[in-house]
1. Of all residues in the stretch 266-292, count the ones that are assigned to a strand (DSSP E or B) and out of contact with any helix residue (DSSP H, G or I) (no Cβ under 8 Å at 6 or more places or on another chain).
2. Out of PHE196, PHE222, which single residue is over 17 Å from PRO126 (Cα atoms), crowded, with 22+ Cβ neighbours inside 10 Å and aromatic (Phe, Trp, Tyr)?
3. Identify, please: which residue in the stretch 142-160 is within 24 Å of GLU220 (Cβ to Cβ) and in contact (Cβ under 8 Å) with a residue 40 or more places away in the chain and is, among those, surrounded by the fewest Cβ atoms within 10 Å (Cβ to Cβ)?
4. Just one of VAL108, VAL122 is farther than 24 Å from GLN215 by Cα, among the β-branched types (Val, Ile, Thr) and touching a residue at least 60 places away in the same chain (Cβ under 8 Å); which is it?
Amino acid sequence: MSTAPQRASIFLEEGEILSHEAHPGEQYLLRVQAPECARHARPGSFVHLQCAPLQPMRRPLSILRTSPEQGWVEILYKAVGTGTRLLTSRGRGERLSLLGPIGTPFVVHGERPRPLLIGGGVGMPPMIFLADQLRTQPDFRPLVILGSEVPFPFPVVPSQFLLPGIPPGAIGAMPLLEDWGIPSRLASLQGYPGCFEGYVTDLARRWLEGLTPAQHQEVEVFACGPHPMLEAVARLAREAELPCQVSLEEYMACAVGGCAGCVVAVETPSGPAMKRVCVDGPVFDARSVFPG
């Protein structure tokens, strides 16, 4: 899988809204017809979407799922500002201007067939997208850990999978992942039934401690979520001596590398550098962003 910035394969499409569902916690699941984006998107890609006709500034939104065959992309977002609140009023049959896919994707490695996927809040979509890709590769055995401090945007179901190190009461899982045959666990500080009471990193640590040394060597960590969560995940991976990739969430204006408004400091072999999250990322090696 290439890690080069995806500037040559960004498409501008006028997509029809196929469905738009509201969920608790001001979360929305949006499906848009966008065949080129659906065909070229990879886990970690995002779209730059015009929320309303009279709202010129676009919003970067992570991709949850795609169907290259049917030509749609699915986006999970939370209404947090003017643009996304305007987006909530858009209905089925309306058209949205969509620019994408943008950004470098996650890269999986065959020598690490036990990937640990950690998503928090609106950082959950890239993890679902990556899990969708991994389920087509039978040699991989991923675990997905999702965290939220608002109700999850899906019904919580008891998992059919037993996992080492996971407390017996933490059996809540995402139905879609269960259907795919991929184990998942949910974490929250809100006391939701079936969810682990604590941070995603606490739950991940419990799982890692339940692995054999040989299994531990097969783990690679992938994460997306708010900055403090990513910093904690990077710290956990560093302590466990595991490779880790993180997808950063930053405000963006152009999202195609022109404005340099989303730069972050990154450690490179040549020394410190400023990288643009939109096209040099959003996926980075965790040690380069959180050197510790």
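Throughout, read-outs are computed from the coordinates displayed, never taken from laboratory work. Only a predicted model underlies this, so the values are computations on that prediction, with no experimental measurement involved. Neighbour counts are summed over all protein chains in view; Cβ atoms, including those assigned to glycine, are modelled from backbone coordinates with ideal geometry.
1. 10
2. Just a single option satisfies the conditions, and that option is PHE196.
3. Across the stretch 142-160, the extreme among qualifying residues is LEU143.
4. VAL122
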